1. Just subtract the alpha-carbon distance of Glu64 and Ile22 from 0.36 nm times their residue separation and send over the number in nm, one decimal.
2. State, as an integer percentage, the relative contact order of the chain based on alpha-carbon contacts under 8 Å between residues 6 or more apart.
3. Can you give me the angle between helix 8-43 and the longest principal axis of the chain, using Cα atoms only, in degrees from 0 to 90, rounded to the nearest 10?
4. Tally up the carbon and sulfur contribution to the accessible surface of the chain as a whole percent, 1.4 Å probe, everything protein left in place.
5. Please compute, over every Cα-Cα pair in the chain, the percentage with a separation greater than 18 angstrom.
Amino acid sequence: MNLSELSFAELQDLHTKIATAIEQQQAAEKADAKKQILELVKLHGLSLDDVLSKATASVRKPVEAKYKNPNDESQTWTGRGRKPVWVQSLLDEGFSLEDLAI
């Protein structure tokens, strides 16, 4: 099939048919994947809750702050990543990280 020989209307019709075929194929593949997942879950004696709860159990807990600003105790830092501006300012003034430790 040479697409350049088709009229605009024929191309639009073909486009619609392709989009429909893609949606149907995608739905069929999702259904097949779901069936395979359920079979694996059953084969290994798991429930869907077991599978889903494992994924959420790996969420990292927040790290506790190790340093606080003596001038504004609402400003804290865990000691990870870039130093906040207030930490660098205090270090420039002569404070040490030990002075800022909680």
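The values are calculated or read from the model by the stated rules, or taken from the named source; none is laboratory data. A quick note: this is a predicted structure, and the numbers were derived from the prediction, not measured. Side chains included, ligands, DNA and RNA excluded: accessible areas come from the protein's heavy atoms. Shrake-Rupley method; radii C 1.70, N 1.55, O 1.52, S 1.80 Å.
1. That works out to 10.2 nm of additional length.
2. Values: 42 pairs, mean separation 16.7, N = 102.
Value for the chain: 16 percent.
3. The helix 8-43 is inclined about 60 degrees to the chain.
4. On the way: 4840 of 8880 Å².
Reported share for carbon and sulfur atoms: 55 percent.
5. Considering the chain, 72 percent of its Cα-Cα pairs are separated by more than 18 Å.
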